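A.B. asks: I have a structure here, written as structure tokens, and I will follow up with some questions on it.
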Amino acid sequence: MKKEKILLTGGTGYIGSHTAVELIEAGYEVEILDNLLNSKIIVLDKIAEITGVRPKFYEVDLRDAEALAKVFAEGKFTSVIHFAGLKAVAESVEKPLMYYEVNVGGTINLLECMQEYGVNQIVFSSSATVYGEQESPKYVETMRVGGNLASPYGRTKYMIEEILKDTATANPDFRVAILRYFNPIGAHTSGLIGEDPNDKPNNLMPIIMKIAAGELPELMIYGNDYDTPDGSCRRDYIHVVDLAKGHAKALEKLSQGKQIQIYNLGSGNPTSVFEMVKAFSETSGKPLPHKVADRRAGDLAEFYADSAKAEKELNWRTELTISDAMRDTLNFLEKRKNGRA
Ligand code: NAD
Ligand code: UFG
């Protein structure tokens, strides 16, 4: 049987690199395209160390349509998993045009190449952010999306979802899986890859990592007066390895069933910021310095996944816990300190 060849855009990034490992281990041939804006080339060596296979790499920016076409001419891919893009919510408020250019413009270039080279299957990294504020914090795929979105970043994800649907309507052979991620955390159990952003982190876990590494003094907990059990915001944190495995399941499903398939990838369980601090301290055996600060603009009190659809149709559910994620994050930090990651 011919081996399926998958192009991962943004594949040296956090979620992409973990997905590359899972796909290689599942027997797929993986190639990676990235402009290395928010990831490092060394990740390829780490993928090789874990799996024994170093994926072919194209250092290309999605905005460069000519370079992208060359990748497709050479690659002869079966499917694409599209991770590449910008993801900092606050930055997207300051530089909306850059976000539309990279995320939306980059996706249009990608889809044009896919059409030109007859690649008709795509898995897209969307986000729970497309739900915006809803009556219920438990988000179900059937809920309306695109309303009350807090940032241009969120709107780019919503727009791309719509562009993918329109592309599928125009081309009956085109098949799409839209994966709405909740809050990915953790690292590979080897400790060789993990979340290692080039920019200043904004998300909770990368900030906790910086505190643990002594690079930041303390965690500011953004608000303790929300209408939640302990007053801090609650999110659905999902181990990145579980998330990566969800992509392998989505790829299998792409060729079957409906032309457009949408899945929440979350654990279904909300955890508060205070609970995250406690989990980290328990795993590390050290207190995590923190203090309560003002609410952060745009934060919702809580949201989490209704993950029943992915469970039923993809036979996927999270298997790893928040403590597993904390342990793997600490292992990654330790390996990085020793120059191993
Ligand atoms: P990441 O920044 O680690 O990975 C994205 C990769 O895309 C990086 O390696 C970056 O260098 C690359 N990239 C950026 N602009 C590019 C361009 N113009 N051309 C080519 N490559 C480019 O982020 P991640 O956390 O791995 O996220 C992957 C995807 O998942 C993103 O689309 C993100 O929006 C989405 N997502 C992430 C989260 C999260 O919390 N991490 C939540 C929901 C959705
Ligand atoms: N938080 C703090 N202090 C910090 C950082 C975060 O208390 O220094 C809190 C936030 O208030 C929030 C929780 O930790 O309650 C998680 O915050 P993150 O920034 O890690 O994640 P968000 O839920 O705000 O955003 C994430 C992704 C977005 C995506 C959104 C919805 O980062 O890309 O989920 O899917 F849009």
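A.B. asks: Quick check on my filter: what residues within the range 90-112 are hydrophobic (A, V, I, L, M, F, W, C) and within 19 Å of the chain's Cα centre (by Cα)?
C.D. replies: 90, 102, 104, 110
A.B. asks: Looking only at the range 33-41, decide whether some residue is away from ligand 2 (no atom under 16 Å from the Cβ), within 21 Å of the chain's Cα centre (by Cα), under 20 Å from residue 252 (Cβ atoms) and surrounded by 22 or more Cβ atoms within 10 Å (Cβ to Cβ).
C.D. replies: no
A.B. asks: Next up: When you go through 224, 171, 183 one by one, which is the residue that is more than 11 Å from ligand 2 (Cβ to nearest atom) and either under 17 Å from the mean Cα position of the chain (by Cα) or not hydroxyl-bearing (Ser, Thr, Tyr) (or both)? Write out each step before concluding.
C.D. replies: Numbers: 224 fails: more than 11 Å from ligand 2 (Cβ to nearest atom); 183 fails: more than 11 Å from ligand 2 (Cβ to nearest atom).
Result: 171 is the single residue among 224, 171, 183 that is more than 11 Å from ligand 2 (Cβ to nearest atom) and either under 17 Å from the mean Cα position of the chain (by Cα) or not hydroxyl-bearing (Ser, Thr, Tyr) (or both).
A.B. asks: If you don't mind, there's one more thing I want to ask. Hey, does the range 62-71 have a residue that's within 15 Å of ligand 1 (Cβ to nearest atom), touching a residue at least 12 places away in the same chain (Cβ under 8 Å) and in contact with a strand residue (DSSP E or B) (Cβ under 6 Å, 6 or more places away or on another chain)?
C.D. replies: Yes, the range 62-71 has at least one match.
A.B. asks: Also, I was wondering about something else. Quick check, is residue 246 of a type outside the set (Val, Ile, Thr) and loosely packed, with under 14 Cβ neighbours inside 10 Å?
C.D. replies: Considered against the rule, which asks whether it is of a type outside the set (Val, Ile, Thr) and loosely packed, with under 14 Cβ neighbours inside 10 Å, residue 246 comes out as no.
A.B. asks: State which residue is farthest from residue 301 (Cα to Cα) when the search covers only the range 203-250 and only residues that are among the aromatic types (Phe, Trp, Tyr) and away from ligand 1 (no atom under 12 Å from the Cβ).
C.D. replies: Restricting to residues being among the aromatic types (Phe, Trp, Tyr) and away from ligand 1 (no atom under 12 Å from the Cβ), the top hit is 222.
A.B. asks: Okay, next question. Only strands (runs of 3 or more DSSP E) wholly contained in the range 228-322 count here; list those with 2 or more residues that are touching a helix residue (DSSP H, G or I) at 6+ places or on another chain (Cβ under 6 Å) and acidic (Asp, Glu).
C.D. replies: Passing ranges: none, list empty.
Table: residues versus (1) in a helix (DSSP H, G or I); (2) more than 25 Å from residue 162 (Cα to Cα).
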position	(1), (2)
20	yes, yes
39	no, yes
44	yes, yes
49	yes, yes
57	no, yes
77	no, no
84	no, no
98	yes, no
108	yes, no
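A.B. asks: So, residue 265, is that one closer than 26 Å to residue 245 by Cβ and aliphatic (A, V, I, L, M) or not?
C.D. replies: On the way: closer than 26 Å to residue 245 by Cβ: yes; aliphatic (A, V, I, L, M): yes.
Against the criterion (closer than 26 Å to residue 245 by Cβ and aliphatic (A, V, I, L, M)), residue 265 qualifies.
A.B. asks: So residue 74 passes all but one of these: (1) acidic (Asp, Glu); (2) within 22 Å of residue 183 (Cβ to Cβ); (3) more than 15 Å from ligand 1 (Cβ to nearest atom). Which condition number does it fail?
C.D. replies: Every listed condition holds for residue 74 apart from (2).
A.B. asks: Only one residue in 213, 250, 293 is away from ligand 2 (no atom under 14 Å from the Cβ) and at pLDDT 95 or above. Which one?
C.D. replies: Working: 213 fails: at pLDDT 95 or above; 293 fails: away from ligand 2 (no atom under 14 Å from the Cβ).
It is 250.
A.B. asks: OK, next. Condition first: within 16 Å of ligand 1 (Cβ to nearest atom), of a type outside the set (Val, Ile, Thr), buried (at least 19 other Cβ atoms within 10 Å of the Cβ) and at pLDDT 95 or above. Can you find one or more residues in the range 330-339 that meet it?
C.D. replies: Yes: one or more hits.
The values are calculated or read from the model by the stated rules, or taken from the named source; none is laboratory data. Values in this document were obtained by computation on a predicted structure and should not be read as measured data. When we count neighbours, we look across all protein chains shown, and the Cβ atoms used for this are built from the backbone with ideal geometry, even at glycine.
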